[in-house]
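Asker: Next up is a structure, given as structure tokens.
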Protein chains: 2
Amino acid sequence: MMHALRQYVPILQWGRTYDRAAFANDAVAAVIVTIMLIPQSLAYALLAGLPPEAGLYASIVPILLYAILGTSSALAVGPVAVVSLLTASAVGQVAEAGTAGYAVAALTLAFLSGAFLLLMGLLRLGFLANFLSHPVIAGFITASGILIAASQLKHIFGIDAHGHTLPELITSLAAHLGEASIPTLVIGILATGFLFWVRKGMKPLLRALGLGSRLADVATKAGPVLAVVATTLAVWALGLSENGVRIVGAVPQSLPPFTLPGFAPDLLKALLVPAILISIIGFVESVSVAQTLAAKKRQRIDPDQELIALGAANLGAAFTGGFPVTGGFSRSVVNFDAGAETPAAGAFTALGLAVAALLLTPLIYYLPKATLAATIIVAVLSLVDFSILRKTWAYSRADFAAVAATILLTLGLGVEIGVAAGVLLSIALHLYKTSRPHVAEVGRVPGTQHFRNILRHEVETAPHLLTLRVDESLYFVNARFLEDLVQSRVTEGCAITDVVLMFSAVNEVDFSALESLEAINARLRDMGVGLHFSEVKGPVMDRLKRSHLIEALNGRVFLSQNDAWEALAGKARPCTGAAQPS
Amino acid sequence: MMHALRQYVPILQWGRTYDRAAFANDAVAAVIVTIMLIPQSLAYALLAGLPPEAGLYASIVPILLYAILGTSSALAVGPVAVVSLLTASAVGQVAEAGTAGYAVAALTLAFLSGAFLLLMGLLRLGFLANFLSHPVIAGFITASGILIAASQLKHIFGIDAHGHTLPELITSLAAHLGEASIPTLVIGILATGFLFWVRKGMKPLLRALGLGSRLADVATKAGPVLAVVATTLAVWALGLSENGVRIVGAVPQSLPPFTLPGFAPDLLKALLVPAILISIIGFVESVSVAQTLAAKKRQRIDPDQELIALGAANLGAAFTGGFPVTGGFSRSVVNFDAGAETPAAGAFTALGLAVAALLLTPLIYYLPKATLAATIIVAVLSLVDFSILRKTWAYSRADFAAVAATILLTLGLGVEIGVAAGVLLSIALHLYKTSRPHVAEVGRVPGTQHFRNILRHEVETAPHLLTLRVDESLYFVNARFLEDLVQSRVTEGCAITDVVLMFSAVNEVDFSALESLEAINARLRDMGVGLHFSEVKGPVMDRLKRSHLIEALNGRVFLSQNDAWEALAGKARPCTGAAQPS
């Protein structure tokens, strides 16, 4: 009982050994992450089409729940760029941005996503995330980064523009470009330039000025806060908000409120598929980050428990004024680098953000939206990485096709179609590859017991003996292929009296393939040709014995291909069949 | 040029050697098939919800086109039970049975299906049919047989009833049972009983009465005609059509008319998916029959050319008053048994049916619909075969699940959902099986060069050497599984200094798996553990060499597992890594 509880509530394990040293490390990490998260949370709320406080709320209770239930010591949960984009895309289809319905739809999306993640975790379905192949994820994230950056340009120009695809966004931006606000543009460009410089040039400068490496690091992380403070002061001092610079405006001073998601059947139905998509993408992003960080400390995370923790975090977001959340890459890396030792660091971060939500929100009244957009643009452009196209092209055209399709369709038709197409194309390409398996004719490497492809190695063969190594599991998609192949090889002439199928690479024979093997056996028997198997794996043999194939076999099953060779190669049998050239 | 023409128009090949003997055999077969097809064509039109003459029309021009373009000498093309049922289901969703719109929708369905088949043939996509696994096809045909039989019961009872699923049909039949027509029921039961007897008891009786086997066969085939004649005469003589027995009524005396399918975008859009489904199912049924019959004569058929021929046949049906057609099982077997030698037999059958359409239709005015329903019921119940459930249960639970789901969903939710679910479930189960591959730790069988699972065989191992035989291709679905497995095996202690991955059963390594192998290599290197590969297949090695994995490998690639054993087993290396129990 206690054991089961500890499995599902990891805090009961690490909490027992929590000490002052761990506390100190966690607290320092929490301060650094809090400073970084304040502008980031506001910005991602903007990206999701929600009021800025939603970003803070989405970072408080979810972080606490993850601290209790999660298995990664460094993962920082909250709004992240890609999930915020997906939220904007999904919620935008059922409600108008800025309305109360929009906020409720975002809560509902978090609720459905949380429920789905929790269900997957309880059913231990974490492996489903593997259906997103690495190239599809890489392509999707790159394309999302471009879409997100494009969607933020309207804030840099101070214009209205909208769209969920790159062509829509570009058209809309172009149409409204004449309305651009010069002061906004100046702030936007300066903030973006400053933030890029912070990433690349600030740390070396601070080190050159004599700062310690650690302190230089912290200062770099505070760059966005600096941009926020500077631009807010500028707008306030110069009265720019009366000159067309859009500002964040009044933000309530409040702890996360208690909210209810919508339970109208139509709303639930409309958001279900997007919620599943968001859950899976969020989970994959979160688990990748958590695994990478855990490996650095030789720790392990439990993907199924991660599903439960992320599910709880999203349910928490749904009831406290948030929107869908997941473990974010940049915040987690910062947390890890800052020395976070346990999930308690997350709890302290939540505390810091709660203080900010309660006390600091009046200070951001004059914060220009252009600054938040600059924060997002600089963050997401680091996700854009086209090298995956070059790498996959060099390695495998099928993987390249999956990446290219994912990128193009995400940019051209939107995030949901893009990632769905990527997944389906990956599966289809895999099935296509296995539908025409590699089958090699093999012979013996002289003086050894090894058998190799006759086209690649100098090997011995016997004219009446055809040995085919089947390089694929046999299942319905390729069952008929083997049937046709054996048929065409044997009908080429009367010379062949024995066929050996070498099953060293056959990991499964499904029922369709069993029927095909029975058909091959029957046809070869009619032609007076023997059919033998060699190197059949244990699990495959166990299964074949449950059918009638082995007893009906017009030949033998050999443990090794060498046994088959020694039994069959020497004895030329007379050709008794009526095999004719076809 | 001429060669290409012959490839696409097989009649140019077999037509050149056509002689009097082949003509005689083909003509006899055509007479027998024509006698059998007249009632069957009328009945399947009824099943599809169309006027009876549509069944005759659908058997004339399509047969001719298939004779010119097809590669099977015995295949008989026309309306078949399952495709007629699918037609009724698809067309019933866009038009009311009995209206002009219904007939146009059926033509449109044939047109779309023909265009799709033709396209698949020209693109040589015949292998796509393999995605229907044997168990799914078997389950679908069994469930369809039950649905068809149930849908015909209304004609036996002489009542109105409708529905596309078994619960709908049963409910509807039960609701109208009070309106049953006693004379219709008598005719229906007698006809059904007689036709069952013809199948089982008539041939032995005729043989006992002294008839030759061949003649007894022909007489058996004529059984349905006998039932048609007897019941028609009975209705006419007893005036039963005024007592509630529904009859076929006036059928135009005409050759197939020229008709146009509908080209309204909404109609095309609504019928596109059903047309694709009908095409694939029809193609699979047709190719299975054609291949079975071809194998008996050691002939081969060309699946891609079959697609072209069936596509042309359906286009022909669309422009001559028909509905979707394919190669039928029973009619093709009859054609084969009757001695058809070339596709010309089909052309002669078309001629016979054209004569029937032109001259004989007045004779079936009083033909009761109950007789046609009896013909259908007796024909389709022979398709119902639940033994597939037992066979798959014994062999593989995954295949059993696919069959059971296909049967239940087809019966419960209709043919389209049933077969789509079967296909998707087959693919999902296959992916699931490969997502957690069998990985065996292997050791050397003493005195040999063979390596076998340590759990199944008495083998030699070395304590510091971990050899894992990976029994599956590595791709995105299972890439992380291997990563986790190696990690957990190696972190068990410091004893292991070398890991060999034996790739004899790895037929592919996709980009996701490559990245996983790179991650495994990096982690093992950090732990001071060597990573080696053995028995890597040629095509896999070619691809790996295009990446940086091999040059970055913290170990070697061995041609055979025996080489790896001899190089690594003897030399215990000191444990240099910091590996700790996790």
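Asker: If you roll a 1.4 angstrom probe over the protein chains with everything in place, what fraction of the accessible area of region A:291-383 belongs to carbon and sulfur, to the nearest %?
Answerer: On the way: 1860 of 2840 Å².
Percent of accessible area from carbon and sulfur atoms in region A:291-383: 66.
Asker: Now for a different question. Which percent, nearest 5, of DSSP beta bridges in chain A are antiparallel? Walk me through the intermediate numbers first.
Answerer: On the way: 10 of 23 bridges.
Of all bridge pairs located within chain A, approximately 45 percent are antiparallel.
Asker: A follow-up question, please. Cut-off under 14 Å on the C-alpha distance; same-chain residues fewer than 8 positions from B:LYS203 excluded. Which aspartates and glutamates are left, in chain and number order?
Answerer: Partners within reach: B:ASP217.
Asker: For A:VAL500, enumerate residues with amide H under 5 Å from its amide H, sequence gap 5+ or separate chain, H modeled in the peptide plane.
Answerer: Here the answer is A:LEU466, A:THR467, A:LEU468, A:HIS532, since their amide H atoms fall under 5 Å of that of A:VAL500.
Asker: Which order do you get for A:GLU518, A:GLU285 if you rank them by accessible area with a 1.4 Å probe, largest at the top?
Answerer: Solvent-accessible surface, decreasing: A:GLU518, A:GLU285.
Asker: Keeping the other protein chains in place, figure out the carbon and sulfur percent of the accessible area of region B:439-568, with a 1.4 Å probe. Walk me through the intermediate numbers first.
Answerer: Details: 2170 of 4520 Å².
Solvent-exposed carbon and sulfur of region B:439-568 make up 48 percent of the total.
Asker: Which whole-number percent of Cα pairs in region B:217-344 have a distance greater than 21 Å? Walk me through the numbers on the way to the answer.
Answerer: Values: 5008 of 8128 pairs.
Of all Cα-Cα distances in region B:217-344, 62 percent exceed 21 Å.
Asker: Under the Karplus relation 6.51 cos²θ - 1.76 cosθ + 1.60, θ = phi - 60°, what is the ordered set of whole-Hz ³J(HN,Hα) values for region B:441-453, x standing for Gly and Pro?
Answerer: Coupling constants for region B:441-453: 7, 10, x, 8, 5, x, x, 10, 10, 9, 10, 9, 3 Hz.
Asker: Could you work out, residue by residue across A:540-550, how many beta carbons of other chains sit within 10 Å of that residue's beta carbon, and then give the average as an integer?
Answerer: The mean count of partner-chain Cβ atoms within 10 Å per residue comes to 2.
Asker: Where the Cα atoms of region B:330-431 are projected onto their three principal axes, how long is each span, largest first, in whole Å?
Answerer: Taking max minus min along each principal axis of the Cα atoms, region B:330-431 gives 55, 36, 22 Å.
Asker: Given the rule -39500 (n - 2.57) for each run of at least 4 DSSP H residues, summed and divided by the residues of chain A, what is its mean residue ellipticity at 222 nm, to the nearest 500 deg cm²/dmol?
Answerer: Details: 25 runs with 354 residues, N = 582.
It lands at -19500 deg cm²/dmol.
Asker: Follow-up question, since we're still on this one. Using only the alpha-carbon atoms of region A:392-513, report the extent along each of the three principal axes, biggest first, to the nearest angstrom.
Answerer: 59, 32, 25
Asker: Would you mind checking region B:365-387 for residues with the amide N under 14 Å from a putative spin-label position 7 Å along Cα→C-beta of B:LEU205?
Answerer: Under cut-off, by backbone N: nothing.
Asker: Accessible area drop of at least 50 Å² (1.4 Å probe, protein heavy atoms): which residues of region B:420-469 qualify, relative to the chain alone?
Answerer: Output list: B:HIS430, B:LEU431, B:GLN449, B:HIS450, B:ARG452, B:ARG456.
Asker: Still on this structure, I have one more. Looking at region B:1-145, I'd like the Rg to Rh ratio, where Rg is from alpha-carbon atoms and Rh is Kirkwood's inverse mean 1/r. Kindly include the intermediate steps, with their values, before the conclusion.
Answerer: Values: Rg = 17.6 Å, Rh = 17.5 Å.
Result: Rg/Rh = 1.00.
Asker: Over region A:423-568, give the accessible area per residue in Å² for a 1.4 Å probe, as an integer.
Answerer: Values: 5250 Å² over 146 residues.
The answer is 36 Å² per residue.
Asker: Determine the order of A:LEU128, A:LEU122, A:LEU185 by accessible area, beginning with the largest, at a probe radius of 1.4 Å. Can you show the working numbers first?
Answerer: On the way: A:LEU128 60, A:LEU122 105, A:LEU185 40 Å².
Output order, biggest surface exposure first: A:LEU122, A:LEU128, A:LEU185.
Asker: Next question, about the same structure. At 1.4 Å probe size, what's the solvent-accessible area of B:TYR102? Round to the nearest 10 Å².
Answerer: Here the accessible area works out near 10 Å².
Asker: Now for a separate question. Give the accessible surface of region A:267-410 per residue, rounded to a whole number of Å², with probe radius 1.4 Å and ligands, DNA and RNA excluded.
Answerer: That works out to 34 Å² per residue.
Asker: So if I average 1/r over every pair of distinct C-alpha atoms in the protein assembly as shown and take the inverse, what Kirkwood radius in Å does that give?
Answerer: Values: mean 1/r = 0.0293 Å⁻¹.
Averaging 1/r across every pair of different Cα atoms and inverting gives 34.1 Å.
Asker: Separation of region A:171-189 and region A:256-281 by C-alpha centroid, Å?
Answerer: Between the Cα centre of region A:171-189 and that of region A:256-281, the gap is 34 Å.
Asker: Counting only Cα atoms, I'd like the Rg/Rh figure for region B:397-467, Kirkwood definition for Rh.
Answerer: Details: Rg = 20.8 Å, Rh = 15.2 Å.
That ratio is 1.37, to two decimals.
Asker: Total Å² of accessible surface buried at the A-B contact, 1.4 Å probe, nearest 100?
Answerer: Details: alone 26510 and 26510 Å², together 46380 Å².
What A and B bury together is about 6600 Å².
Asker: I need the P(r) histogram for region B:444-501: all alpha carbon pairs, bin width 5 Å from 0 out to the longest distance, whole percents.
Answerer: In whole percents, the pair-distance histogram is 4, 15, 23, 23, 19, 12, 4, 0.
Asker: Each residue of region B:166-176 in turn: what ³J(HN,Hα) in whole Hz from Karplus with 6.51, -1.76, 1.60 and θ = phi - 60°, glycine and Pro shown as x?
Answerer: So the J values, rounded to whole Hz, are 5, x, 4, 5, 5, 4, 5, 4, 4, 5, 9.
Asker: Among the residues of region B:126-157, which ones have their accessible area go down by 50 Å² or more when all the protein chains sit together, as opposed to their chain alone (1.4 Å probe)?
Answerer: B:PHE127, B:ASN130, B:PHE131, B:HIS134
Asker: Can you tell me the orientation of helix B:52-69 relative to chain B, as the angle in degrees between its alpha-carbon axis and the longest Cα principal axis, to the nearest 10?
Answerer: The helix B:52-69 is inclined about 50 degrees to chain B.
Asker: Counting only protein heavy atoms, what percent of the accessible surface of region B:133-248 is carbon or sulfur at a 1.4 Å probe? Please list the in-between numbers first.
Answerer: Numbers: 3980 of 5660 Å².
Answer for region B:133-248: carbon and sulfur cover 70 percent of the accessible area.
Asker: Compute the long axis of helix A:134-157 from its Cα atoms, compare it with the longest principal axis of the Cα atoms of chain A, and write down the angle in degrees, 0 to 90, nearest 10.
Answerer: With both axes taken from Cα atoms, the answer is about 20 degrees.
Asker: Then there is this: How big is region B:24-399 by Rg and Dmax over its Cα atoms, in Å?
Answerer: Cα-based Rg and Dmax for region B:24-399 come out at 19.8, 62 Å.
Asker: Of the listed peptides A:6-16, A:460-470, what is their order by residue-averaged count of other C-beta atoms within 10 Å, with the highest listed first? Working shown, then result.
Answerer: Values: A:6-16: 14.4, A:460-470: 19.1.
Final packing ranking: A:460-470, A:6-16.
Asker: Taking θ = phi - 60°, what integer Hz values does the Karplus form 6.51 cos²θ - 1.76 cosθ + 1.60 yield along region A:333-346, in sequence order, with x for Gly and Pro?
Answerer: Calculated HN-Hα couplings, in order: 5, 4, 4, 5, 5, 6, x, 4, 9, 9, x, 4, 3, x Hz.
Asker: I've got another one for you. Just the number please: accessible area per residue for region A:1-142, 1.4 Å probe, all protein chains included, in Å². The partial results should precede the final answer.
Answerer: Working: 4970 Å² over 142 residues.
Solvent-accessible surface per residue comes out at 35 Å².
Asker: With a cap of 11 neighbouring Cβ atoms within 10 Å, and only residues DSSP puts in a loop, list the GluC sites (Glu not before Pro) found in region A:361-458. Write down the numbers at each step before the final one.
Answerer: Working: sites: A:GLU416, A:GLU441, A:GLU458; in loops: A:GLU458.
Those that pass, being in a loop and sparsely packed, are A:GLU458.
Asker: Could you please put A:VAL333, A:VAL28 in sequence from largest to smallest accessible area, using a 1.4 Å probe? Could you put the intermediate results ahead of the total?
Answerer: Details: A:VAL333 40, A:VAL28 70 Å².
From most exposed to least exposed: A:VAL28, A:VAL333.
Asker: Here's something else I'd like to know. Looking at region A:439-568, what % of its DSSP beta bridges pair antiparallel, to the nearest 5?
Answerer: Numbers: 7 of 20 bridges.
Roughly 35 percent of the DSSP beta bridges within region A:439-568 come out antiparallel.
Asker: Could you tell me the largest-minus-smallest coordinate of the C-alpha atoms of region A:439-568 on each of the three principal axes, in descending order and whole angstroms?
Answerer: 37, 31, 26
The values are calculated or read from the model by the stated rules, or taken from the named source; none is laboratory data. Quick caveat, the model's predicted, so the values are computed rather than measured. Positions of Cβ are backbone-derived with ideal geometry, glycine not excepted, and every protein chain shown enters the neighbour counts. Remember, those area values only see protein heavy atoms, side chains included, never the ligands or the DNA or RNA. Shrake-Rupley method; radii C 1.70, N 1.55, O 1.52, S 1.80 Å.
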